[in-house]
Each structure stands twice: as C-alpha cells, then as structure tokens.
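A.B. asks: Dumping the structure here so I can ask a few things about it.
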Amino acid sequence: MERRSALKNIALAAGAMISLPTWAQSWKQSELQATNYLSVEASQLLKEVVEVIIPKTDTPGAGELGVADFVQLMIVDCYDQPTQDRFKMGLERIQALAKAQGTSFSKLPQPEKLQLLKGLEKSENSEEKSFLNLLKNLTIQGYMSSEYVMTNLTHYEMVPARYHGCVPVKG
C-alpha cells in the first residue's frame, strides 16, 4: 500500500467519524419505525387487542410495552402477502363484530372485549381461528422478549453460568 492512499483513507475515515453523530442527531423516532402496513386506526385497534390478550396487572400490559409494534413488524418482515392480508382482514373482522354490538372495539368494556376474542377462538371459520392463534403467539413472543420482562421478570443474563477463579478443588 502506498503512503498517500493510506493517509487519504485515514482522513476519510476520520471525517466520517466526526460527521456521523451530527447526521444521526437529525433522525426522528417516527421516521425510523415508520411502517405503512396498518392504518393509524388499525394500529390502535391492534394495540387494544394485544392489551386484552395480556392485560395490565401489577406488571405492564402488552399494549404498554409496545407489543403491537412488534406484532406489526413481525407480520411485515416474516410472513408472506396472503398471511398479511388475512391478518388485516382479521382485524377488520374484530372491528365488525364490535360494530355489530353497537360500538367500536375500544369503547367496549374489558369483559366484552375478552368475550369477543373468545368467540373468534371458538369460531367455525378456520381463517378467524388461525388469525387469532397467530396474534396470540406473536403477542406472547413480543411480551416475553420485551426489555421489561427480560430484565425485571426473567432476569435475563447475556452469558449464563459463573466463573469462580479462586475456588479450592477437592480431589
């Protein structure tokens, strides 16, 4: 390698390291996590549904921990288009069942929300059952892998086991 090209590469790397923090400060959280998969209303409905699946008790509920964003991201990134379409239709079905009771899902009392979801679970329609199973599985996965649960409830350790350097060995 020539000295001039090495100096040039070092200068470019130093310039990039200096300008990167300034550039990253202009990022906004809304721009970083923007997905166009669900509408605002459907996203709010999803948040309320995951809160019904894992409600707030003495620990935060699924809606409070942002599990709805996790579910939405998993659907977009890990599932094919027909599954994504069935997921949207499942959310629309929940809203339609609530409208049939005379109000929106968000205005229903908690026991009626739970009954509505149990009705989907016992439905004869296989697509409704598969939608609810997928939603429940992703909700549990998102809740159990959330930072709050991993640090406060399961006491997650990055590297399990201990190293004790000075321990007498019995033979």
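The values are calculated or read from the model by the stated rules, or taken from the named source; none is laboratory data. On a predicted model such as this, the values are computed, not experimentally measured, just so you know. Please note: Cβ atoms are built from the backbone with ideal geometry, for glycine as well, and neighbour counts cover all protein chains shown. Accessible surface is based on the protein model in full, side chains and every heavy atom, while ligands, DNA and RNA are left aside. Shrake-Rupley method; radii C 1.70, N 1.55, O 1.52, S 1.80 Å.
A.B. asks: For Arg162 and Ser39, compute 0.36 nm times the residue count separating them, minus their Cα-Cα distance, and round to one decimal in nm. Write out the running numbers ahead of the final one.
C.D. replies: Values: separation 123, 0.36 × 123 = 44.28 nm, distance 4.77 nm.
Full extension of this stretch gives 39.5 nm more.
A.B. asks: Related question: How much area per residue is accessible in the chain when the probe is 1.4 Å and only protein heavy atoms are counted (Å²)?
C.D. replies: 72 Å²
A.B. asks: Still on this structure: Once you put a point 7 Å from the Cα of Thr103 and another 7 Å from the Cα of Ser130, both along the Cβ direction, what distance in nm separates them?
C.D. replies: That separation, rounded to one decimal, is 3.4 nm.
A.B. asks: To make sure I understand the rule: partners must be lysines, Cα under 16 Å from the Cα of Lys118, and not fewer than 8 residues away in the same chain. Which ones qualify?
C.D. replies: Cross-link targets: Lys129, Lys136.
A.B. asks: Where in the chain are the DSSP H helices whose C-alpha atoms run 15 Å or more along the long axis and whose mean Kyte hydropathy is at least 0.0?
C.D. replies: Details: long enough: 3-25 (34 Å, 0.35); 40-53 (20 Å, 0.86); 67-78 (16 Å, 1.62); 81-100 (28 Å, -0.74); 110-121 (17 Å, -0.72); 126-144 (27 Å, -0.26).
Correct list, ordered by number: 3-25, 40-53, 67-78.
A.B. asks: A follow-up question, please. Suppose R0 equals 25 Å. What FRET efficiency, 1/(1 + (r/R0)^6) with r the Cβ-Cβ distance, do Asn137 and Val76 give to the nearest 0.05? Before the final figure, lay out each step's value.
C.D. replies: On the way: r = 16 Å, r/R0 = 0.64.
Computed FRET efficiency for Asn137 and Val76: 0.95.
A.B. asks: On the protein heavy atoms, probe 1.4 angstrom, tell me the percent of accessible surface of the chain carried by carbon and sulfur. Write down the numbers at each step before the final one.
C.D. replies: Values: 7050 of 12290 Å².
Its accessible area is 57 percent carbon and sulfur atoms.
A.B. asks: Could you point to the label whose value was computed as P(r) over Cα pairs in 5 Å bins from 0, in percent for the structure here, given [x] 1, 8, 15, 18, 17, 12, 8, 5, 4, 3, 3, 2, 2, 1, 0, 0; [y] 1, 9, 18, 22, 22, 19, 8, 2, 0; [z] 1, 7, 12, 14, 13, 10, 8, 7, 6, 6, 5, 4, 3, 2, 1, 0?
C.D. replies: Computed from the coordinates, P(r) over Cα pairs in 5 Å bins from 0, in percent corresponds to [z].
A.B. asks: With the crude spin-label approximation of a point 7 Å out along Cα→Cβ, what separation in nm comes out for Leu114 versus Arg3?
C.D. replies: 7.8 nm
A.B. asks: Testing the spin-label approximation: label points 7 Å from Cα along Cα→Cβ at Thr151 and Leu12. State their distance in nm.
C.D. replies: Placing both labels 7 Å beyond Cα along the Cβ direction yields 3.9 nm.
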